[in-house]
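Accompanying notes for the structure given below.
The values are calculated or read from the model by the stated rules, or taken from the named source; none is laboratory data. These numbers come from a predicted model, not from an experiment. Cβ: placed from backbone, ideal geometry, glycine included. Neighbour counts: every protein chain shown. When the accessible area is computed, the model is the full protein with side chains, heavy atoms only, and any ligands, DNA or RNA have been set aside. Shrake-Rupley method; radii C 1.70, N 1.55, O 1.52, S 1.80 Å.
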Amino acid sequence: DVAVIWNTIAYTVPSVTTIFVDEESSEEWWRIEFSRFAGPPVEVVLRRDEAGSATKLIDKAGRMGLDVHECNKRELTRFLSDYTSANHASIRFQSVASRCGWFGDGFLWGNTWLSDVKGDEYPRELVIPSGDGRSQLAYGMRSAGDLAGWVQAVRGMLPYPLALVGVYVALSSILVSRVDCLALVFEWASSAGSGKTTCLKIASSAWGHPDDLLSGWDGTRVGLERRASFLSCIPMFKDDTKT
């Protein structure tokens, strides 16, 4: 007979429900679900190395309600590793993307997969680690209203070609990789109150909600590069260059 010794590690039990694998970089993320002491179950998405880091587990899952702290952090990271190994056959694996843009003949627009191709092509899912600011960008790429209404609104810009060119630039960005040309940078420069931000909002509305897609120039160079890489051929809309 084998004696079983029970040892309480945490009072909210986490489980790995899905393992995501980036089809381009082969990076791996774990979707971890757990129940809080009160309220509905919670899920977080962590890179595999973050799930194995006691510090990252506290920072990204602990603040969401997981019972992880300095006293049990090492045991809990070991539990997640053991859990994944023991349940490897039943955990869902899914190939995902960590950026937007073209994938073959399909296009990933935020959380929406767009493709008319059947057969080998399948819907891609965008995965963003929990706490990553790029999730706001992905959320901003959503549709509202209808095409006819948007066209009617933009038609009012026809007498103002300098404003309308921003819409042309925004719509043409997805052709950059298709025609193998250099990326384009377009800027409106004028005095305050001349409508630059309004024109920028109209141009960005071709891709989603302007309030979520527009951002300022605060942040680091690395942050800007990560944002551009995530958007791929979708435009990056920056307001107020003087800052």
Exercise for the section: Grab the Cα-Cα distance for ASP116 and VAL4, subtract it from 0.36 nm times how many residues apart they are, and report the gain in nm with one decimal. Expected result: 34.8 nm
Problem - Computed helical MRE - 222 nm, the chain, DSSP H runs ≥ 4 contributing -39500 (n - 2.57), nearest 500 - result: -9000 deg cm²/dmol
Problem - Charge tally in the Cβ shell below 15 Å around LYS238, where Lys, Arg are +1 and Asp, Glu are -1, LYS238 excluded - result: -1
Problem - Reach of LYS242 by Cα under 14 Å, taken over aspartates and glutamates that are not fewer than 8 positions away in the same chain - result: GLU187, ASP218
Problem - Total charge dipole magnitude, the chain, about the Cα centre, Cβ charges on Lys, Arg, Asp, Glu only, Debye to nearest 20 - result: 620
Problem - Inter-label distance for SER177 and TYR160, nm, one decimal - labels placed 7 Å from Cα along Cα-to-Cβ - result: 3.3
Fill in the blank from the handout: When the charge dipole of region 57-209 is computed with +1 on Lys and Arg Cβ and -1 on Asp and Glu Cβ about the Cα centre, the Cα farthest towards its positive end, among SER143, PHE103, HIS209, belongs to HIS209
Handout entry: Local net charge near GLU43, Cβ-Cβ under 9 Å (Lys/Arg +1, Asp/Glu -1)
Key = 0
Exercise for the section: Assign one of three labels to region 159-243, namely rounded, prolate or oblate, based on the Cα gyration tensor with a ≥ b ≥ c the square roots of its eigenvalues; rounded applies when a/c is under 1.5, prolate when it is not and a/b is larger than b/c, and oblate otherwise. Expected result: oblate
Practice task
Before anything else, pin down the relative contact order of the chain: Cα pairs under 8 Å, at least 6 apart, normalised by residue count, whole percent.
Solution key: 16
Practice task
Could you tell me which helices of the chain pass both thresholds, a Cα extent of 18 Å or more along their own axis and a mean Kyte-Doolittle hydropathy of at least -1.0, with helices taken as whole DSSP H runs?
Solution key: 73-86
Practice task
Quickly work out the LYS242-to-HIS69 label distance, labels modelled 7 Å from Cα along the C-beta direction, and quote it in nm with one decimal.
Solution key: 5.1
Practice task
Take peptides 198-211, 127-140 and line them up by average Cβ neighbours within 10 Å, highest first, as a rough protection proxy.
Solution key: 198-211, 127-140
Practice task
Return the FRET efficiency for the residue pair GLN152, GLU27: r is the Cβ-Cβ distance, R0 is 45 Å, and the value is rounded to the nearest 0.05.
Solution key: 0.55
Exercise for the section: Order the following by accessible area, largest value first: LYS73, LYS242. Probe radius 1.4 Å; ligands, DNA and RNA are ignored. Expected result: LYS242, LYS73
Completion exercise
Computed for region 125-243: size of charge dipole around the Cα centre, +1 on C-beta of each Lys and Arg, -1 on C-beta of each Asp and Glu, debye to nearest 20, value 160
Exercise for the section: State, to one decimal in nm, how far the label point of LEU224 lies from the label point of SER194, with both points 7 Å from Cα in the Cβ direction. Expected result: 2.1
Handout entry: Answer label for Rg and Dmax of the Cα atoms in Å (calculated), chosen among [x] 17.9, 63; [y] 19.6, 70; [z] 22.5, 87
Key = [z]
Exercise for the section: Considering the options TYR160, THR112, SER194, tell which one lies farthest towards the positive end of the dipole of region 87-217, charges being +1 on Lys and Arg and -1 on Asp and Glu at the Cβ, about the Cα centre. Expected result: SER194
